[in-house]
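The values are calculated or read from the model by the stated rules, or taken from the named source; none is laboratory data. The structure presented is a predicted model; accordingly, all values stated were derived computationally and were not measured. Glycine gets a Cβ as well: all are built from the backbone with ideal geometry, and neighbour counts include every protein chain shown.
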Amino acid sequence: MSELQFPDYQGNILVIDDTPANLKLLRNLLSEKGYQVRPMPSGTLALEGIHLNYPDLILLDINMPEMNGYDVCQVLKADERTRDIPVIFISAIDDIFDKIKAFEVGGVDYITKPFQVEEVLARVRTHLTLSGLQKMLQATTNWQDKQLAEQNAQLQEVNQRLEQANQQQIALNQELQKQLQKLEQTQLQLVQGEKMATLGQLTAGVAHEINNPVNFIAGNLTHTEDYVADLIHHLRLYQKQFPNPEPAIDENADKIDLEFVLEDLPKTIASMKKGTSRIRSISTSLRTFSRADTEDKAAFDIHDGIDSTLMILQHRLKANDNRPAIQIVKEYSNLLLVDCFPGQLNQVFMNIIANAIDALDEYSQERSYEEIERHPNQIVIRTEFFREGRALPTPHVVIRIADNGKGMSETVKQKIFEHLFTTKSVGQGTGLGLSIARQIVVEKHGGTLEIQSELGKGAEFAIALPLEEISP
Ligand SMILES: Nc1ncnc2c1ncn2[C@@H]1O[C@H](COP(=O)(O)OP(=O)(O)OP(=O)(O)O)[C@@H](O)[C@H]1O
Ligand SMILES: [Mg+2]
C-alpha cells in the first residue's frame, strides 16, 4: 500500500504589482516571515512566468496599466493549471474597488493599501492554510482513490481466482458425474453379468445332468415300444390258438381289463416318447440360452434365441387362476444369423418378454376370465430383415416384441430406460431390465431399441441390430 503524503505548503507567494515600492515592501514583509516571494511588475509577465513554478498564493494588484488585476485573475481561473491557486486582490483605499467583481472573477480575499502588516500576514496565513488544507484534502482524496483502485484491482484478482476455482470445480463436478455414471454402468453390468453367469451355469448344469438320463429313457422307450408290440402280437396268437382257455385265465383277463391294457399300452408309450422328446428340447433350449459368450461375438440364430427364451418362460405363459394361457404368435422371417453376443441378446429377449408377461398379468387383473378369452392375451414376435432404414443406415434385422397388455403412459414411457426406474412393487421389479437391455443393444451391438406404447393399448419394443456378416 502506498504511503499517504501531504504536499509541503510552506508558502510560495507570487506578488503582482506595478508599483516597485509596493513590491519591495511586500517582499520584505513576507520574506521575513519565511515565505518565498516572487515579485512581478505586470500581469503579462506574471502570466508568462507563472508556469515555471506554480505559487501557493497570488497577491494581485487591481490597478495596473496594460492588464488590470481582474483580467489577470480571469486568465488564471480559465487555465486548469492555475485555477486552484488562491488570489488575494490588493486595492488602494482610494481606488474604486468592486468587491463583488473581485469575487466574481475568482478572488478569495482582498487587502487594502496602505498595508496593515498584521492584516496582510493574517490574510496570507489564512489563505495559505486554507489552500494547504484543500491540497491535503485533495491528496487524501487522491490517496483514498488510489487505495480504492488498488483494492479494486485486488478484488478483481480475487474474483478472477474465484471464477477460475469455480470453473475448476465445475469441471471437477462434471468429471465426477461422468465417473459416477461409468461406475453405475459397471455396477449394472456386474450385477447382470453375475446374474447371467449364475443362471447360465445353473441352466447349463441342469441341462447337462438331464441329458444323459433322458437320452437313456428315450433310447429304451424305442426298444420298449418294440417289445410291447411283440408281446401283444404274441398274446393275440395265443388267444387265436386257444380261444377257450382255463376259466382262471378268463377271470384274470376280466380283472385286469386286458383289452383296455392292450389298447392303451402303446398309447402310453407313445406319450412317454413325446414327453421325453419335450424334455430333450427343453434341455437343448437351456443350453442354447445359457451359451457362455462374454468374450467373443458369434454368428447366432436369433430365432433360436427367442425360442429358447420362450421355453424358459413357459411356466409363466401357461394358464392360471386369473387368465387363460398367453398366446405366442411368431412371425419369423427366414433364418437370421446375427453376429452378436448370444447370451446377452437372450438376456434382452428375456427382459422384454418378461415385461410383456408382467404387463399382461397386470392387465388381466382388471378383466374377467371370459373377457380375456374373447380377446386373448397375446405376445406377437416378428423378425424382419432390412437393407437399410430409419433405424439403421446399414443392413439390419428388426425384432419386434409386442403385447396387448396394459401399455404405459407418456410419462412412464419417457423413463422406462432409466436405471432403476420401475412401476412395480418392491420384490416385483428392480427397474434394471430395460436399462440393461438398452445398454446391450445400443452399446454392445451398435443397434437401437425403440418403444411404442399407449396406456391401455399394449406396447411394442423394436430391437434393431446391424448385420456385420449376413449368412444366407
Ligand atoms: N411391455 C410393457 N408394458 C407396459 N409397461 C412396461 C412394459 N415394459 C416395461 N414397462 C414399464 O417399464 C418399467 C421398467 O421396466 P424394466 O424392465 O426396466 O424394470 P422392471 O420390469 O420394473 O424391473 P426388472 O428390473 O425386474 O426388470 C416397468 O416397471 C414398467 O412400468
Ligand atoms: Mg423388467
Does at least one position in the range 178-187 carry a residue that is of a type in the set (D, E) and free of Cβ contacts under 8 Å to residues at least 24 places away in the same chain? no
Of all the helices (runs of 4 or more DSSP H) wholly in the range 38-113, which have at least 3 residues that are within 23 Å of L133 (Cα to Cα) and touching a helix residue (DSSP H, G or I) at 6+ places or on another chain (Cβ under 6 Å)? none
Would you call T222 closer than 30 Å to L432 by Cβ and either part of a helix (DSSP H, G or I) or in contact (Cβ under 8 Å) with a residue 60 or more places away in the chain (or both)? no
Flagged pairs (Cβ under 9 angstrom, 6 or more apart or on separate chains; first in the range 425-437, within 18 Å of K413 (Cβ to Cβ); second hydroxyl-bearing (S, T, Y) and near ligand 1 (Cβ under 7 Å from one of its atoms)) are G429/T422; G429/T423; G431/T422; G431/T423; L432/T422; G433/T422
Flagged in the range 417-454 as assigned to a loop (DSSP other than H, G, I, E, B), surrounded by 14 or more Cβ atoms within 10 Å (Cβ to Cβ) and away from ligand 2 (no atom under 12 Å from the Cβ), in numbering order, are H419, H445, G446, G447
In the range 145-198, anything farther than 30 Å from P342 by Cβ and hydrophobic (A, V, I, L, M, F, W, C) is listed as L148, A149, A153, L155, V158, L162, A165, I170, A171, L172, L176, L180
Inside the range 403-429, can you point out the residues that are within 23 Å of the chain's Cα centre (by Cα), more than 22 Å from I381 (Cβ to Cβ) and within 7 Å of ligand 1 (Cβ to nearest atom)? V412, F421, T422
Name the single residue that is farthest from ligand 1 (Cβ to nearest atom) among those in the range 311-329 being of a type in the set (D, E, K, R) and loosely packed, with under 13 Cβ neighbours inside 10 Å. D321
Counting only residues that are among the polar types (S, T, N, Q) and under 31 Å from the mean Cα position of the chain (by Cα), the range 328-345 contains a total of 1
Can you spot a residue in the range 123-132 that is farther than 27 Å from G34 by Cβ and assigned to a helix (DSSP H, G or I)? no
Can you name the residue in the range 395-409 that is assigned to a strand (DSSP E or B) and under 18 Å from H375 (Cα atoms) and, of all such residues, is nearest to ligand 2 (Cβ to nearest atom)? D403
Among the residues of the range 438-461, which ones are more than 9 Å from ligand 1 (Cβ to nearest atom), closer than 14 Å to A356 by Cα and free of Cβ contacts under 8 Å to residues at least 40 places away in the same chain? Q452
If I ask for residues that are away from ligand 1 (no atom under 16 Å from the Cβ), small (G, A, S) and either over 17 Å from N320 (Cβ atoms) or at pLDDT 95 or above (or both), which ones from the range 330-385 would you list? S333, G343
Looking for something aliphatic (A, V, I, L, M), surrounded by fewer than 18 Cβ atoms within 10 Å (Cβ to Cβ), under 26 Å from H419 (Cα atoms) and within 16 Å of ligand 2 (Cβ to nearest atom) - is there at least one such residue anywhere in the range 370-387? no
